[in-house]
Amino acid sequence: MITVLGGGPAGAAASLLLARLGHPVQLVTKAGRDQRLAVSLPPSCAKVFDALGIAAAVDAAGFQRSTGNTAWWGSDQARVEYFADGARGWQLDVGRLADVILAEAIAAGVQVDRRMATDAPGGFVLDCTGRAGIVARARGVRRLDGGPRTIALIGEWRHSSGWAVADHTHTLIESYRDGWMWSLPVGDGVRHVAAMVDPQRSDLARAGSSTHVYLAEVRKTRIFSGLTAEATLQGGPWGWDATPYDATAYAGDDWLLVGDAGSFIDPLSSAGVKKALASGWLAAVTAHTCVKTPAMRTQALAFFDAREREIASHMRRESRQFLGSAASGHGRPFWSERAADLELESAASASLREAFEALKRSNGWSPRVGPGVGIAPRPCVRDSLIVLEPHVVTAEHPNGIRYVRGVDLVALLDLAPATRQVPEAYEIYLQRLGPTRLDDFLLAVATAVAGRWLVSE
Ligand SMILES: Cc1cc2nc3c(=O)[nH]c(=O)nc-3n(C[C@H](O)[C@H](O)[C@H](O)COP(=O)(O)OP(=O)(O)OC[C@H]3O[C@@H](n4cnc5c(N)ncnc54)[C@H](O)[C@@H]3O)c2cc1C
């Protein structure tokens with residue numbers, strides 16, 4: 001029996017997949033729902049819904065779809081951005097999404113025990129309890145990043161004559177000198193408006209009323225103060241701790257930290273739910289591998305640990321970069337404490353861009369595999385199991401890399417040295433591996449060249 005603690009998106013997804021893979025699963029989750037939390041999901045979540053086999057159930061739930069974002073970010077100018085190719089995201093209550101997945105899990109045979117877990121039971125346990133992090137805390141692996149704390153204060157506003165926005169399905173985001181605010185539609189004429197507040201720099205630390213602090217923040221903004229001027233605050237503000245954290249370990253001998261139990265990323269990224277669902281999927285695959293192929297247990301646990309670590313640090317970098325882009329416009333403590341060093345970040349992407357431009361200009365190439373680059377077996381997921389397959393291994397990537405944008409690097413490094421033109425390499429790649437978009441192929445080649453996995457005279 002595998003025990004899953006917590007029935008949010010991560011726990012519901014992991015239990016569903018485990019049950020479908022034929023495992024007996026007990027899911028322990030608090031009775032009743034926490035205060036509702038409206039979140040926005042990017043269109044790319046569709047792929048995760050597909051991988052979990054819940055796309056039809058999510059569709060049937062009839063969640064509101066969104067076409068993009070409108071942002072006043074580090075500037076007074078509105079940037080109205082639509083998702084590429086007419087794709088649509090979702091605006092939904094995270095508890096309702098979890099319920100949709102839980103219903104699928106129950107139908108697949110998961111036993112749900114509605115109670116508060118206070119400690120980790122014996123046997124294999126997936127900790128999916130979010131910020132509570134029952135196992136994460138018991139194991140002493142929860143790590144606060146030492147940065148400032150952030151509380152999200154969320155109010156529910158009704159505007160009977162309609163909101164004056166470019167597109168009512170959009171997430172609205174405004175940065176201002178002491179923080180940032182965002183807003184999502186939650187119903188007809190109703191939006192949640194959230195202020196990200198630093199408790200140390202606001203009245204909250206002095207036990208000030210949260211409504212007073214919240215309204216004071218709204219008044220500091222240019223756009224949201226205007227938008228809410230004619231609206232009525234009909235609920236809240238409710239407080240959510242939104243301080244980021246991660247873990248010093250994501251897997252142990254008989255436990256995994258899944259979704260927010262392992263790490264919490266800035267809500268600014270709108271990627272928490274996608275990350276939690278993907279983590280739930282990988283946790284189920286990992287537990288399945290431990291049971292089905294015990295010889296792979298150590299590698300499977302290490303694989304899960306490495307992937308969660310990598311995703312948490314990637315997401316943290318992205319958020320800090322985005323925060324950095326507003327920081328220059330505000331130059332106040334809230335911003336300088338949270339922003340990343342943009343120059344460092346752009347240096348890495350500059351070398352990739354350079355490699356890409358050089359490739360496009362070049363008439364011919366004579367690539368060979370770079371020094372210190374090897375092909376060695378490393379774990380990856382195949383048919384719901386973690387198995388060992390050849391990867392490109394370098395000193396910077398000891399865990400190996402297999403794919404960039406779906407392009408198989410092992411195949412690329414194998415075929416490239418015999419070619420004299422990039423188009424010729426593309427032709428051979430297509431013949432051997434089937435349909436691949438040219439821009440994905442070029443990006444993979446540029447990444448290989450920028451990383452000196454392929455060096456060309
Ligand atoms: C203010 C705010 C705004 C956000 N905005 C977005 C957004 O726009 N887009 C986005 O993608 N993400 C957003 N997120 C992040 C997103 O909500 C989380 O990343 C996601 O919900 C994580 O899912 P999870 O299943 O790992 O954890 P959770 O959703 O936290 O689920 C944990 C579950 O465990 C249960 N539980 C907790 N303790 C116990 C216990 N002791 N015993 C039993 N059960 C327990 C809880 O009741 C809950 O069901 C936001 C988060 C916050 C705080």
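The values are calculated or read from the model by the stated rules, or taken from the named source; none is laboratory data. This is a predicted model, so every value here is computed, not measured. Don't worry about glycine lacking a Cβ; one is built from the backbone with ideal geometry, like all the others, and counts go over all protein chains shown.
Go over the candidates Arg201, Arg191 one by one and state the one that is under 21 Å from Leu268 (Cα atoms) and surrounded by fewer than 19 Cβ atoms within 10 Å (Cβ to Cβ).
Arg201
Quick one: which residue in Val392, Val387, Val381 is surrounded by 15 or more Cβ atoms within 10 Å (Cβ to Cβ), at pLDDT 95 or above and under 23 Å from Leu21 (Cβ atoms)?
Values: Val392 fails: under 23 Å from Leu21 (Cβ atoms); Val381 fails: at pLDDT 95 or above.
Only one candidate passes the filter, namely Val387.
Please specify each residue of the range 400-413 satisfying the condition of being part of a helix (DSSP H, G or I) and in contact (Cβ under 8 Å) with a residue 24 or more places away in the chain.
Within the range 400-413, Leu409, Val410, Leu412, Leu413 meet the criteria.
Just one of (1) buried (at least 16 other Cβ atoms within 10 Å of the Cβ); (2) more than 12 Å from the ligand (Cβ to nearest atom); (3) modelled with pLDDT of 95 or more trips up Gly252, so point out which.
Looking at each condition in turn, Gly252 falls short on (1).
Are any residues in the range 371-409 of a type in the set (Val, Ile, Thr) and over 22 Å from Met296 (Cα atoms), and if so, which ones? Walk me through it before giving the result.
Kept after step one, since they are of a type in the set (Val, Ile, Thr), are these residues of the range 371-409: 373, 375, 381, 386-387, 392-394, 401, 404, 407.
Val373, Thr394, Val404, Val407, listed by residue number.
Please determine, by comparing only the residues of the range 140-155 that are modelled with pLDDT of 95 or more and over 20 Å from Gly272 (Cβ atoms), which one is farthest from the ligand (Cβ to nearest atom).
Ranking the candidates gives Gly140 first.
Every residue, every condition in (1) among the small types (Gly, Ala, Ser); (2) within 16 Å of the ligand (Cβ to nearest atom); (3) in contact with a strand residue (DSSP E or B) (Cβ under 6 Å, 6 or more places away or on another chain), yes or no:
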{"site": "Trp163", "(1), (2), (3)": "no, no, no"}
{"site": "Asp178", "(1), (2), (3)": "no, no, no"}
{"site": "Trp182", "(1), (2), (3)": "no, yes, yes"}
{"site": "Gly187", "(1), (2), (3)": "yes, no, no"}
{"site": "Pro199", "(1), (2), (3)": "no, yes, yes"}
{"site": "Ala216", "(1), (2), (3)": "yes, no, no"}
{"site": "Ser225", "(1), (2), (3)": "yes, no, no"}
{"site": "Glu230", "(1), (2), (3)": "no, no, no"}
{"site": "Trp240", "(1), (2), (3)": "no, yes, yes"}
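Residues are listed down the side, and each one gets a yes or a no for (1) in contact (Cβ under 8 Å) with a residue 12 or more places away in the chain; (2) under 29 Å from Gly53 (Cβ atoms); (3) out of contact with any Ser or Thr (no Cβ under 8 Å at 6 or more places or on another chain):
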site: Asp383; (1), (2), (3): no, yes, yes
site: Ile386; (1), (2), (3): yes, yes, no
site: Glu389; (1), (2), (3): yes, yes, yes
site: Val392; (1), (2), (3): yes, no, yes
site: Thr419; (1), (2), (3): yes, no, yes
site: Leu433; (1), (2), (3): yes, yes, yes
site: Val445; (1), (2), (3): yes, no, yes
site: Arg452; (1), (2), (3): yes, no, yes
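Residue under question is His288, and the condition is that it be modelled with pLDDT of 85 or more, out of contact with any Pro (no Cβ under 7 Å at 6 or more places or on another chain), surrounded by fewer than 15 Cβ atoms within 10 Å (Cβ to Cβ) and not β-branched (Val, Ile, Thr); does it hold?
So His288 does not fit the description; no.
Do we find a residue being among the hydrophobic types (A, V, I, L, M, F, W, C) and more than 14 Å from the ligand (Cβ to nearest atom) anywhere in the range 118-126?
Yes, the range 118-126 has at least one match.
Show the residue pairs meeting these rules: Cβ distance below 6 Å; 6+ apart or different chains; first residue within the range 296-325 and closer than 30 Å to Ile173 by Cβ; second residue acidic (Asp, Glu).
Filtered contacts from the range 296-325: Ala312/Asp246; Ser319/Asp266; Gln321/Glu345.
Among the numbered criteria (1) surrounded by fewer than 17 Cβ atoms within 10 Å (Cβ to Cβ); (2) touching a helix residue (DSSP H, G or I) at 6+ places or on another chain (Cβ under 8 Å); (3) outside the structural domain of Ala132 (by TED's automatic domain parsing); (4) in contact (Cβ under 8 Å) with a residue 60 or more places away in the chain, which single criterion is violated by Ser225?
Failed condition: (4).
Within the range 50-64, can one find any residue that is in contact with a Phe, Trp or Tyr (Cβ under 9 Å, 6 or more places away or on another chain), part of a loop (DSSP other than H, G, I, E, B), surrounded by fewer than 18 Cβ atoms within 10 Å (Cβ to Cβ) and in contact (Cβ under 8 Å) with a residue 60 or more places away in the chain?
No, the range 50-64 has no match at all.
For the range 266-308, which positions are within 8 Å of the ligand (Cβ to nearest atom) and more than 10 Å from the chain's Cα centre (by Cα)?
Across the range 266-308, the qualifying residue is only Gly280.
In the range 74-94, which residues are out of contact with any Gly (no Cβ under 8 Å at 6 or more places or on another chain) and not in a strand (DSSP E or B)?
Those that are out of contact with any Gly (no Cβ under 8 Å at 6 or more places or on another chain) and not in a strand (DSSP E or B): Asp76, Gln77, Ala78, Ala84, Asp85, Gly86, Ala87, Arg88.
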